[in-house]
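Down below is the structure, laid out as structure tokens.
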Amino acid sequence: PTGLEIYLEPGRFLVGSAGVLLTRVLYRKQSGGKEFVVVDAGMNDLVRPSHYQAYHEIVELVEQGRTSARVDVVGPVCETGDFLALDRTLPGVEAGDELALLGAGAYGFVMASNYNSRPRPPEVIVDEGKWWIAREREKIEDLFATERLSP
């Protein structure tokens, strides 16, 4: 009747807890008296920890019952800001273990970037036991598909 339409931005309040970033441990290393867990996701996938010092709970997908340690969880981008969690107590995860960063909904994709020529991960929707790919994983070719080297 009024001809008006209402648009809502599904921000953190509405959907923040609905998103999860899944990542795999690449390796562990020690440097400068600190222990690092290097994962395949980085600041380009979830920028909130790096930009806003946001806290995201991290859980193992399959609990191994290993001894916990104080670690920094960092991505593979060679950049000081490439971290997902600092000084965090985590189980003794090892290469190949999978982790979930909780509360990663809202703005994940729109704030993600292709920094360091890294394709963005897929987005998967899970609803009442069913799942489907909502956005395909980017391929390296996708990053350059719209570029033209000559007129």
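The values are calculated or read from the model by the stated rules, or taken from the named source; none is laboratory data. The shown structure was predicted, so the numbers you read here are calculated from the model rather than taken from an experiment. Methodologically, a virtual Cβ is constructed for each residue, glycine included, from the backbone with ideal geometry; neighbour enumeration extends over all protein chains shown.
For the range 64-81, taking the residues that are at pLDDT below 90 and over 15 Å from Leu99 (Cβ atoms), the one that is nearest to the chain's Cα centre (by Cα) is identified as Cys78.
Picking from residues in the range 72-88 that are under 13 Å from Tyr55 (Cβ atoms) and either touching a residue at least 60 places away in the same chain (Cβ under 8 Å) or not aromatic (Phe, Trp, Tyr) (or both), the one that is surrounded by the fewest Cβ atoms within 10 Å (Cβ to Cβ) is Asp87. Per the conditions (1) within 21 Å of Val124 (Cβ to Cβ); (2) out of contact with any helix residue (DSSP H, G or I) (no Cβ under 8 Å at 6 or more places or on another chain), the sole criterion not satisfied by Val47 is (2).
Given the residues Ser17, Ser68, Ser50, Ser31, which is the only one that is hydroxyl-bearing (Ser, Thr, Tyr) and surrounded by 15 or more Cβ atoms within 10 Å (Cβ to Cβ)?
Ser50
Taking the stated definitions as given, is Thr67 farther than 23 Å from Asp127 by Cβ and in contact with a Gly (Cβ under 7 Å, 6 or more places away or on another chain)? It is true that Thr67 is farther than 23 Å from Asp127 by Cβ and in contact with a Gly (Cβ under 7 Å, 6 or more places away or on another chain). Evaluating Val93 against the criteria (1) surrounded by 12 or more Cβ atoms within 10 Å (Cβ to Cβ); (2) modelled with pLDDT of 95 or more leaves one unmet condition, (2). The residue that is nearest to Val71 (Cα to Cα), counting only those in the range 11-45 that are of a type in the set (Phe, Trp, Tyr) and either free of Cβ contacts under 8 Å to residues at least 60 places away in the same chain or part of a helix (DSSP H, G or I) (or both), is Phe36. Residues in the range 82-130 that are among the hydrophobic types (A, V, I, L, M, F, W, C), more than 15 Å from the chain's Cα centre (by Cα) and over 25 Å from Glu9 (Cβ atoms): Leu90, Val93, Ala95.
The single condition among (1) loosely packed, with under 15 Cβ neighbours inside 10 Å; (2) under 24 Å from Leu143 (Cβ atoms); (3) not aromatic (Phe, Trp, Tyr) that Ala104 does not meet is (1).
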